[in-house]
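The values are calculated or read from the model by the stated rules, or taken from the named source; none is laboratory data. What you are looking at is a predicted structure, and each value in this text was computed from that prediction instead of being measured. In this analysis, Cβ positions are derived from the backbone assuming ideal geometry, glycine residues included, and neighbour counts consider all displayed protein chains. For accessibility, only protein heavy atoms count, side chains too; no ligands or nucleic acids. Shrake-Rupley method; radii C 1.70, N 1.55, O 1.52, S 1.80 Å.
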Number of protein chains: 2
Amino acid sequence: METVLTVIAEFDRFGLDRRREPVISFGGGVLLDLVGVATSMYRRGVPHVRVPTTLLGQVDAAIGAKTGINHGAHKNRLGSFQQPAGVLLDRRFLASLDERHLRNGMAEIVKLAVVRDERLFELLEEHGELLIEERFQGSSPTGERVARQVLHRSVQGMLAELEPNLWERELDRLVDFGHSVGPALEMRADGELLHGETVAIDIALFTTVAASRGVLDDKAGRRILELLHRLALPTDHHLLDGDLLRRAMTDTVRHRDGRQRLPVPVGIGAATFLNDVSDEELRSALRHRRREAVPT
Amino acid sequence: METVLTVIAEFDRFGLDRRREPVISFGGGVLLDLVGVATSMYRRGVPHVRVPTTLLGQVDAAIGAKTGINHGAHKNRLGSFQQPAGVLLDRRFLASLDERHLRNGMAEIVKLAVVRDERLFELLEEHGELLIEERFQGSSPTGERVARQVLHRSVQGMLAELEPNLWERELDRLVDFGHSVGPALEMRADGELLHGETVAIDIALFTTVAASRGVLDDKAGRRILELLHRLALPTDHHLLDGDLLRRAMTDTVRHRDGRQRLPVPVGIGAATFLNDVSDEELRSALRHRRREAVPT
């Protein structure tokens, strides 16, 4: 909150009008979210144009109406729904992005592919590494074609999920896949893990839950985990333990109004919601993951 | 903002769910606004039921979608538009309200009467003192009838003004009458003046501007000032000077997106907007008010 108030002090210093001077922010998801909170509060809302410069920003944080800042020990505990005045997506920003942040953004694309877009999943299987290598700049004809397709499908897929439920009246949300225990891990890791990395770990865990239950066949489960490995995304972390899982689920259930509403894949490009996953089932999935984990 | 964060810490301690547990707040306008800001930020918005216990709360602060807190030297600089889950209006709360706070709420009723409701204005002229004496509790048959009428007309009038423009896309707002230089005076007076008292002073000033220009006839202008006097509301304050007027207008013009949009009465129950009021015209109106001021 202190950083939001610093941004607001700059609005005061600049002498910002109410509607006719949009604030334009350039940066990654954290910065866009932070300026989003500031602009949604200042004068009860001043217009905000988001210019994401990271892959995660371009496919996730800048899309939709949400803003948020961490508060206390909680991820995005404070924030708003504020429709941006505009969002500028330009993949040339990604040319200077480091590899870890590219992989970080890839995790959100994997998430979307798993729950709703089999073709996107296949594109990542076939060309994910090329996209990272070329930083989405289309250095080769294949890279150019696939970069366009992947970014287009990601953004359109996010919009298709968010638009009918922009204010989240409905709390069963497919895009929450990867965000059930991930946020608690992210806060616990305190900067050691990027957001997308926790998404990947969460995807791996709930893919294992789905496979163990038999709602997802083993082959599809293996394809999801193999894709995460191929993109060099983590599927486990030493801070993830039974205690963190339990506390994460308590918080998630509270945020989802008393039900688990856990999105899990039932195939590649399809998902369902579980509401009866026990602590023991989660710990068992975690042990299973740990036995299979590829050392990183 | 510190107080908002204190309220938010209590939400965390309580373990507030997202949608199914509305926060219910009891209090005056400041408290409702403060809890409104907290509930609009927490989890990007949790439901809020407002129970105003002051007259100003019941006819103004609890009506509509606005929340706000002062920040820096600015009135309501931070806030949100958040529709409450419900508003409970019960005039029995007013039985224990002190006289100054009753008069304070009366100022917002006068405002509404001047810009849109001649009948309400007449009721205040005829029975305003009785209402304050009886604290709106209807101790006499006339008091009962008028209390109902006045509260009903006030709330319905506010709703009629706010509903078509709930998000303030339109910045020409009649309900801003009394709120053009008042907010700056309120911040400058730092607790010495209640909100409604600054509204009354602002009404007096801009009534004088309108009468000086001839857009309001002298008789109507006198009726407005006499009503304020009869309700023992202030029409001037020693901290109001040329410098404060100038700075107040700069801030107001910024908040109204580059135009003055000053609501001024053109009769009892009718108003227009001025956009070309000079500093000198305001200072002249202030001098005029000061010459006429009834010593308080």
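Residues of the range A:199-224 being assigned to a helix (DSSP H, G or I), more than 13 Å from A:A285 (Cα to Cα) and either among the hydrophobic types (A, V, I, L, M, F, W, C) or not assigned by TED's automatic domain parsing to the domain that holds A:D241 (or both), which ones? Before the answer, list the steps.
Our first condition is that a residue be assigned to a helix (DSSP H, G or I); within the range A:199-224, this holds for A:199-213, A:218-224.
Next cut, more than 13 Å from A:A285 (Cα to Cα) only: A:199-200, A:218-220, A:222-224.
Scanning the range A:199-224 gives A:V199, A:A200, A:A220, A:I224.
Counting residues that are in contact with a Phe, Trp or Tyr (Cβ under 6 Å, 6 or more places away or on another chain), which helices (runs of 4 or more DSSP H) fully inside the range A:71-171 reach at least 3?
Numbers: elements: A:99-116, A:118-133, A:141-162.
So the answer is A:99-116.
Has the range B:141-149 got any residue that is outside the structural domain of B:P22 (by TED's automatic domain parsing), of a type in the set (K, R), out of contact with any Lys or Arg (no Cβ under 8 Å at 6 or more places or on another chain) and modelled with pLDDT of 95 or more? Walk me through how you get there before you give the answer.
First pass over the range B:141-149, keeping only residues outside the structural domain of B:P22 (by TED's automatic domain parsing): B:141-149.
Imposing the further condition that a residue be of a type in the set (K, R) reduces the set to B:145, B:148.
Among the residues that remain, those that are also out of contact with any Lys or Arg (no Cβ under 8 Å at 6 or more places or on another chain) are: B:145, B:148.
Remaining after also requiring modelled with pLDDT of 95 or more: B:145, B:148.
Taking every residue of the range B:141-149 in turn, at least one turns out to be outside the structural domain of B:P22 (by TED's automatic domain parsing), of a type in the set (K, R), out of contact with any Lys or Arg (no Cβ under 8 Å at 6 or more places or on another chain) and modelled with pLDDT of 95 or more.
Restricting to the range B:20-31, name every residue that is part of a helix (DSSP H, G or I), aliphatic (A, V, I, L, M) and either touching a helix residue (DSSP H, G or I) at 6+ places or on another chain (Cβ under 6 Å) or within 9 Å of chain A (Cβ to nearest Cβ) (or both). Full working, then the answer.
The initial filter retains those residues of the range B:20-31 that are part of a helix (DSSP H, G or I), namely B:29-31.
Filter again for aliphatic (A, V, I, L, M), leaving B:30-31.
Correct list: empty.
Restricting the search to the range A:233-263, which residues are under 17 Å from the mean Cα position of the chain (by Cα) and of a type in the set (G, A, S)?
If the condition is that a residue be under 17 Å from the mean Cα position of the chain (by Cα) and of a type in the set (G, A, S), then A:A248 is the only one that fits.
Considering the range A:24-40 alone, what residues qualify as being open to solvent by 10 Å² or more (accessible area, probe 1.4 Å) and more than 21 Å from the chain's Cα centre (by Cα)?
Answer for the range A:24-40, where residues must be open to solvent by 10 Å² or more (accessible area, probe 1.4 Å) and more than 21 Å from the chain's Cα centre (by Cα): A:I24, A:S40.
Restricted to the range B:32-76, and to residues that are of a type in the set (D, E, K, R) and within 27 Å of A:L171 (Cβ to Cβ), which residue is nearest to the other protein chains (Cβ to nearest Cβ)?
Filtering the range B:32-76 down to residues of a type in the set (D, E, K, R) leaves B:33, B:43-44, B:50, B:60, B:66, B:75.
Cutting the leftovers down to within 27 Å of A:L171 (Cβ to Cβ) gives us B:43-44, B:50, B:66.
Values: B:R43: 6, B:R44: 5, B:R50: 17, B:K66: 7 Å.
Checked the range B:32-76; the qualifying residue nearest to the other protein chains (Cβ to nearest Cβ) is B:R44.
Considering only the range B:43-69, how many residues are under 12 Å from the mean Cα position of the chain (by Cα), open to solvent by less than 10 Å² (accessible area, probe 1.4 Å) and free of Cβ contacts under 8 Å to residues at least 40 places away in the same chain?
The qualifying residues number 1.
Contact list please: Cβ distance under 8 Å, first residue in the range B:8-19 and more than 8 Å from chain A (Cβ to nearest Cβ) and free of Cβ contacts under 8 Å to residues at least 60 places away in the same chain, second residue hydrophobic (A, V, I, L, M, F, W, C) and not in a helix (DSSP H, G or I), pairs at least six apart or on different chains.
B:F11/B:V23; B:F11/B:V46
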